[in-house]
Amino acid sequence: MGGTSQGHLTPHATDVDGRPATYSAGGHGFPVVFLHGWGLADHSYKRALKRLVIQGCRVYAPALPGFGGTAALPSGDRELGGFASWVDAFMDAVGIDSPALVIGHSFGGGVAIRLAHDFPHRVRYLVLLNSVGAPQQRGGVFEALNRSGWLWALRAMRDPLPIGDGLQVLRAAVEDLIPNVVRHPRALVEVGRLARRADLGFELIELAKRDLPVLVLWGDQDRVLPVGAFEALCRAIGSEGTVVSGNHSWLLADPDSFGEVMSNVVDVAARQESTELAQLLVGTSMTEAEVASYVSRAAPLWLMSEPMPALAGDLALCHPPLAPNEIRAVARECDDGCFRLTIVAHDRPGLLADTTAVLAAEKLSVLRASATTWVDESLAMHSLVVEAPDDFLPDSWDILAKRLRSVARRDVAGFLFEPGGRARVSSTPQTMGRSLLSVSAPDQIGLLWAICDWLAGQEVTIEAMRVGSVDDMAHDEFIVRGAFDAAGLERRLSVEAPTLQSAPLHLVSAAVGALRRIGLR
């Protein structure tokens, strides 16, 4: 791995229902909302949530009301329904307009259950991690623990602090817990009481009737919520559940295990979303078997890159099979006044670099892009949404499509790319010799070409990609096959910072003199 690590969540602030709220967010792609446990906030979970960002998700981790700097709910709203309503308003505030993968840990799991029940349009998949809300059992440890409020609170405060995993986890949890105690002690106590008494049996049964996809995960050493709570919750929701090694807050102690589990969840989510894609292609020239074959072998990164109608229009271009040396290139106007260029071609090294070189030469800015490859057929599909210049006439798209089709002859000239700032590049190993390459750099014309051209020069194959930009920064992700130096790509895309050794002597002398004048010797 080279360069600076990617996947970090950054802090943000907003207003929810007219009151201040804080949250962390990071990544691009399929929306994920993570709801934290009692006593903690989003800060404690950043190591675990980074794994979701790396897998190609846009992660939102709000500090729930009364925690982490978010204003507490009015006293009359401090029940699970009130927290669920707050999450619904939060999703509006941050612009989540499609159903999300919602993950809830401990108390956050109870909020997630109520969110899914009360606002079904918000939740596409539900993951419950050592969640409160199981139907209360009469007799036994679960009922005794529920009666012993102080015992529950002590265990809930201790279990998030994993022993033996180093100071990093301990420090993160304490940095959330202590400020929460200081800021809103009364709200903290009330939420703790709410968490240990939560009985969401009715809601769980209703969710089971709706066939909402639900995954229940539980630490086998949980001393806050015993195994009886896990079994009761699974029975109510109709899920077998999965037991993992760890305590009540196992994902803090072992974020890699959490990442591995969630990688499978994200992959399943992408595959289930593709059902809509297959339905959209019914009635086209592609048979049901052909559609199923293409969709089942498409990269999850591509399946989560765009709305399904856009992907269906792209996929339709793959049929009938291409003739030798044939390239199909189509331009379609988007709702936002931009154009979506889709290219289908026989895959070869440098194909994407040649395609992006044509666009860069025309000074077309790529707003977002996606790509996938079907290895067995050696077939590649690239889709790029570009912003049309004012002087770009309707006939220009036909000329551009003709130029794109010319890349089959490999006679496309390169592009003179000058970096516009500092880039950040990281590579995360995947399965079967693949890597997830993440690039963040100042957005500019020719950036995508520079990345693809550099990878082609390293004989690296791009199997899938998703490209986008936020606030003039490009955030690009690629599934690639082949060895490469991520630090070398970072240098290629970055403006080198000047050093004292390379600076003119008179500038060095002037700088030293200025420091002496202000007393820095």
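The values are calculated or read from the model by the stated rules, or taken from the named source; none is laboratory data. Only a predicted model underlies this, so the values are computations on that prediction, with no experimental measurement involved. Quick reminder, even Gly has a Cβ in these numbers, built from the backbone with ideal geometry, and neighbours come from all protein chains shown.
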*Go through the residues of region 326-343 one by one and say whether even a single one is in a loop (DSSP other than H, G, I, E, B), more than 26 Å from Pro442 (Cβ to Cβ) and without any contact (Cβ under 8 Å) to a residue 40 or more places away in the chain.*
yes
Here, helices (runs of 4 or more DSSP H) confined to region 221-294 with at least 3 residues that are over 25 Å from the mean Cα position of the chain (by Cα) and not hydroxyl-bearing (Ser, Thr, Tyr) are 227-237
Output for Cβ contacts, cut-off 6 Å, separation at least six or different chains, first residue modelled with pLDDT of 95 or more in region 80-91, second outside any helix (DSSP H, G or I), reads Gly82/Leu73; Trp86/Pro65; Asp88/Phe119; Ala89/Val16; Ala89/Asp17; Phe90/Val16; Phe90/Pro62
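A quick yes/no check of all residues on (1) farther than 29 Å from Asp471 by Cα; (2) in contact with a Leu (Cβ under 7 Å, 6 or more places away or on another chain); (3) in contact (Cβ under 8 Å) with a residue 60 or more places away in the chain; (4) not in a loop (DSSP other than H, G, I, E, B):
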position	(1), (2), (3), (4)
Ala371	no, yes, yes, yes
Ala380	yes, yes, no, yes
Pro389	no, no, no, no
Ala401	yes, no, yes, yes
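Table: residues versus (1) in contact with a strand residue (DSSP E or B) (Cβ under 7 Å, 6 or more places away or on another chain); (2) under 19 Å from Ala48 (Cβ atoms); (3) at pLDDT 95 or above.
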{"site": "Ile96", "(1), (2), (3)": "yes, no, no"}
{"site": "Val102", "(1), (2), (3)": "yes, yes, yes"}
{"site": "Gly149", "(1), (2), (3)": "no, no, no"}
{"site": "Asp159", "(1), (2), (3)": "no, yes, no"}
{"site": "Ala173", "(1), (2), (3)": "no, yes, no"}
Going through region 306-340 in order, the residues found to be of a type in the set (D, E, K, R) and surrounded by 19 or more Cβ atoms within 10 Å (Cβ to Cβ) are Glu306, Asp314, Arg340
Worksheet item: Does at least one position in region 305-315 carry a residue that is over 23 Å from the mean Cα position of the chain (by Cα), more than 29 Å from Gly457 (Cβ to Cβ) and in contact (Cβ under 8 Å) with a residue 40 or more places away in the chain?
Response: yes
Only unsatisfied item for Leu416, checking (1) surrounded by 15 or more Cβ atoms within 10 Å (Cβ to Cβ); (2) over 19 Å from Asp347 (Cα atoms); (3) at pLDDT below 85, is (1)
Per the list (1) without any contact (Cβ under 8 Å) to a residue 60 or more places away in the chain; (2) loosely packed, with under 15 Cβ neighbours inside 10 Å; (3) farther than 22 Å from Phe478 by Cβ, residue check on Lys363 breaks on (1)
